[in-house]
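Following: one structure in structure tokens, then a few remarks.
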Amino acid sequence: YNIVQKFFPIHDQNVVQELLNEWCYKIVKIQPLESIRNYFGEKIGMYFAWLGYYTIWLSFASVAGIVATLLQLLEFPGISVFFSLFISLWACMFLHFWRRKSHLLSTAWGMHNYSPEDQTRPEYIGKPKIGVFWKGEFINFQTKDKTRSLSKMKKKIRKLFVKFGINAPVILFMIVVVLAANLGILVYTLAFSFSLWGPITGGLINGIVILILEKIFRVIAVTLNNWENHRTESKY
């Protein structure tokens, strides 16, 4: 009767309490990745492994950022160039070492060549049918019915039209808005560069603009993604 759409096990309170004591209640503590993986699964375990690894690497970037800010306030020449080079090198090294770390975890957890079964989303509008297209008609193998329907090629063309004819202009408009906002903040910062408060207020305005645009763009992105009506969670 299509009553049950999803089912999942309830939490084991004893294990949850152990994780709270071992993980959440300790501020400075290496994450118990094996315990997380054994309880939540490899996918969640890999996510927290990345999150912890990224946080550790961000500490180095934050220290460099504080030093660069102090030197910039002291009008040290060329500090922005050196900091940009450091961040570029930091990003490349982080990706390289995380790739090694993820391969080690994948090998230890037996995740190589693993592809989970992708299920249909409950929000998906439509029912899967088993059949074949023949001369502009869809022949259903289960009911033996013949219905006039679009071919797979025409459906692909329609999806491409939705992506590039509707989504692409919206995304391009969003990019133009971001560039215009950054240009306006840059002009404001340069206009008040003679004052100490110019860069500070410029950074504050930049943070507020980022928060506002992030909220607006998230709503637009989710709306467009829902409109595309993806069948599986990975495609969504």
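The values are calculated or read from the model by the stated rules, or taken from the named source; none is laboratory data. Since the model is a prediction, treat every value here as computed from it, not as a measurement. Methodologically, a virtual Cβ is constructed for each residue, glycine included, from the backbone with ideal geometry; neighbour enumeration extends over all protein chains shown. Keep in mind that these areas ignore ligands, DNA and RNA; they rest on the heavy atoms of the full protein, side chains included. Shrake-Rupley method; radii C 1.70, N 1.55, O 1.52, S 1.80 Å.
For the chain, what Kirkwood radius comes out of the mean inverse Cα-Cα distance, in Å?
On the way: mean 1/r = 0.0416 Å⁻¹.
For the chain, the Kirkwood estimate is 24.0 Å.
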So how strong a dipole does the chain carry about its Cα centre when Lys and Arg Cβ are +1 and Asp and Glu Cβ are -1, to the nearest 20 debye? 1540
Loop-located GluC sites (Glu not before Pro) in the range 156-236, at most 14 other Cβ atoms within 10 Å (DSSP): GLU233
Alpha carbon convex hull of the range 11-125, projected area averaged over orientations, nm²: 11.7
Expected output is a single nm value to one decimal: the length gained when fully extending between LYS156 and VAL67, i.e. 0.36 nm times separation in residues minus the C-alpha distance. What is it? 26.8 nm
Looking at the chain, do any whole DSSP H helices span at least 27 angstrom along their long axis by alpha carbon and average 0.0 or above on Kyte-Doolittle, and which? 42-73, 79-109, 168-191, 197-228
Placed amide H near GLY131: partners under 5 Å, 5+ positions off or other chain: PHE141
Suppose only helical runs count, i.e. DSSP H with n ≥ 4. What mean residue ellipticity at 222 nm does that imply for the chain under -39500 (n - 2.57) per run, divided by all residues and rounded to the nearest 500 deg cm²/dmol? -21000 deg cm²/dmol
Using 5 Å bins from zero, what percent of all Cα-Cα pairs in the range 32-89 falls into each bin? 4, 17, 19, 13, 11, 8, 9, 8, 6, 4, 1
Over the range 1-119, what relative contact order in percent results from Cα pairs under 8 Å that are six or more residues apart? 19
Between the residues SER195, LEU160, TYR39, the Cα farthest towards the positive end of the dipole of the chain, that dipole coming from +1 and -1 charges on the beta-carbon of Lys, Arg, Asp and Glu, is from LEU160
Which value, in Å² rounded to 10, gives the accessible area of HIS11 with a 1.4 Å probe and all protein chains present? 110
Measuring from centroid to centroid over Cα atoms, what is the spacing of the range 75-89 and the range 4-53 in Å? 39
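Run through the range 1-94 and list the trypsin sites (Lys or Arg not before Pro) located in a DSSP loop whose Cβ has at most 15 other Cβ atoms within 10 Å.
LYS6, LYS26, LYS29
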Positive-end residue, the chain charge dipole about Cα centroid, Cβ charges, pick of LEU204, PHE94, LEU224: LEU224
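In percent, what relative contact order does the chain have, based on Cα pairs under 8 Å that are 6 or more apart in sequence?
Details: 115 pairs, mean separation 32.9, N = 236.
After rounding, I find 14 percent.
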A 21 angstrom limit on the alpha carbon distance is what I want to check against. Which of LYS101/LYS235; LYS156/LYS215; LYS26/LYS101; LYS159/LYS215; LYS29/LYS101 exceed it? LYS101/LYS235; LYS156/LYS215; LYS26/LYS101; LYS159/LYS215
